[in-house]
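The values are calculated or read from the model by the stated rules, or taken from the named source; none is laboratory data. Please read these numbers as outputs of a predicted model, since none were measured by experiment. So basically every Cβ, Gly included, is an ideal-geometry build from the backbone, and we count neighbours across all protein chains shown. Please note that ligands, DNA and RNA were not included when accessible areas were found on the heavy atoms of the full protein model with its side chains. Shrake-Rupley method; radii C 1.70, N 1.55, O 1.52, S 1.80 Å.
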Amino acid sequence: MIQLQHINKTYPAANGPVQVIDSVSLQVQHGEIYGIIGFSGAGKSTLLRSINLLERPDSGAVLINGENIMLLSRKALLKRRMSMGMIFQHFNLIGNRTVYENVSFPLEIAGVPRAERKRLILESLEVVGLLEKAGDYPAKLSGGQKQRVAIARTMAQRPQILLCDEPTSALDPHTTESILAFLKQLNETRGITIVIVTHEMEVIKSICSRVSVMEQGKLVETINLSDPRPVPQTQIANYLLYGDRARVSGEVLGYV
C-alpha cells in the first residue's frame, strides 16, 4: 500500500518560491492501477516522483506498506527503491548498449551476480516479446519496442510497485493501446501495484480503477472509475472526464 500524507514541495524561482505540491494526501491499495491526471504544470509528475523520493517532499510522509521511507538512511532508501520500478515518457535507453545490455544495466549497478542477471534479463525480454531483439541497438527499434525495453529493464528488478510517468505520450494510438494492455497484464498476472501519470483521460479510463485529479499543485478530486458513469464534483474533473467545455470556466480552459 502507498500512502502520501500532506505532501508539500516548493521550488525556488526568480519571484520567490513556487509551491508545486500543496498538502496532497492519497492512498493506493496493493495491486491497484491508480491514475493521476492534470494539465501541464499541475504537479502530477512531481507527486509521482515523491513516491520513491526522486523528488523529496519539503514536508509530509511517504508510507510504503506502513513504513515512512522519508526516515530511511540513504542505503536503506536505495534498497527500498529496488522494489519500485519507474517508466518514463522518453524511454531513457542507452544508445551504445544493446537491448540486452540496457536491461542489464540496473542489475549491474545493484551487484546482481552474472548468472542471475542473465536469467532475469532473458526472462524479462521474453515477457515483453523482445527476446529476438536482445542483440539490437535502440536506434533499430520502433517507439513501442523502445518502451517495451524500458519496461523489461524495470521488470528485471522484480518491482512490487511500478511508477509510470506519461509512458504513452510519445507513442501512436495503436502502440499506446498495446503498451497499456501489457501493463494491465502485468498487474493481473504479477499483482504489481501501478501508479500512472498522464494528461490523457482515455489512458486513465482504459486501465485505472481510480484517478486523482490535480490542479495547481492541489489534489481536487478522486474519481472511482468502476462506476458506469462517474459524476465529477469539480469543473476540471468534469472537463477531463467528459470534455464538457460548457461547464468549465474560462480559467480552467486556459490550461488547454
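Mind checking which residues of segment 102-118 are exposed (fewer than 13 other Cβ atoms within 10 Å of the Cβ) and of a type outside the set (Gly, Ala, Ser)?
Glu108, Ile109, Pro113, Arg114, Glu116
Which count do you get for residues in segment 3-48 that are of a type outside the set (Phe, Trp, Tyr) and more than 23 Å from Lys184 (Cβ to Cβ)?
Selection size over segment 3-48: 27.
Do you know which of the residues in segment 184-201 that are open to solvent by less than 60 Å² (accessible area, probe 1.4 Å) and at pLDDT below 90 is farthest from Met155 (Cα to Cα)? Before you say what the answer is, go through the steps one by one.
Quick first cut of segment 184-201, residues open to solvent by less than 60 Å² (accessible area, probe 1.4 Å) only: 186-187, 191-198, 201.
Remaining after also requiring at pLDDT below 90: 186, 201.
Working: Leu186: 9, Met201: 25 Å.
Of everything passing the filter in segment 184-201, Met201 is farthest from Met155 (Cα to Cα).
Could you go through segment 136-146 and let me know if any residue there is among the acidic types (Asp, Glu) and either in contact with an Asp or Glu (Cβ under 6 Å, 6 or more places away or on another chain) or modelled with pLDDT of 95 or more (or both).
Yes, segment 136-146 contains at least one residue that is among the acidic types (Asp, Glu) and either in contact with an Asp or Glu (Cβ under 6 Å, 6 or more places away or on another chain) or modelled with pLDDT of 95 or more (or both).
Tally time: how many residues in segment 162-183 are among the β-branched types (Val, Ile, Thr), open to solvent by less than 10 Å² (accessible area, probe 1.4 Å) and not in a loop (DSSP other than H, G, I, E, B)?
Selection size over segment 162-183: 1.
Which one of Leu171, Leu163 is modelled with pLDDT of 95 or more and either out of contact with any Gly (no Cβ under 8 Å at 6 or more places or on another chain) or hydrophobic (A, V, I, L, M, F, W, C) (or both)? Quick ask: steps written out before the conclusion?
On the way: Leu171 fails: modelled with pLDDT of 95 or more.
That would be Leu163, the only listed residue that is modelled with pLDDT of 95 or more and either out of contact with any Gly (no Cβ under 8 Å at 6 or more places or on another chain) or hydrophobic (A, V, I, L, M, F, W, C) (or both).
Determine whether Lys146 is among the basic types (Lys, Arg) and more than 26 Å from Ile2 (Cβ to Cβ).
Against the criterion (among the basic types (Lys, Arg) and more than 26 Å from Ile2 (Cβ to Cβ)), Lys146 qualifies.
Which condition number in (1) under 17 Å from the mean Cα position of the chain (by Cα); (2) assigned to a loop (DSSP other than H, G, I, E, B); (3) surrounded by 13 or more Cβ atoms within 10 Å (Cβ to Cβ) is the one that Arg97 fails?
(1)
Exactly one condition in (1) under 26 Å from Val203 (Cα atoms); (2) surrounded by 15 or more Cβ atoms within 10 Å (Cβ to Cβ); (3) out of contact with any helix residue (DSSP H, G or I) (no Cβ under 6 Å at 6 or more places or on another chain) is not met by Ser25; state its number.
(2)
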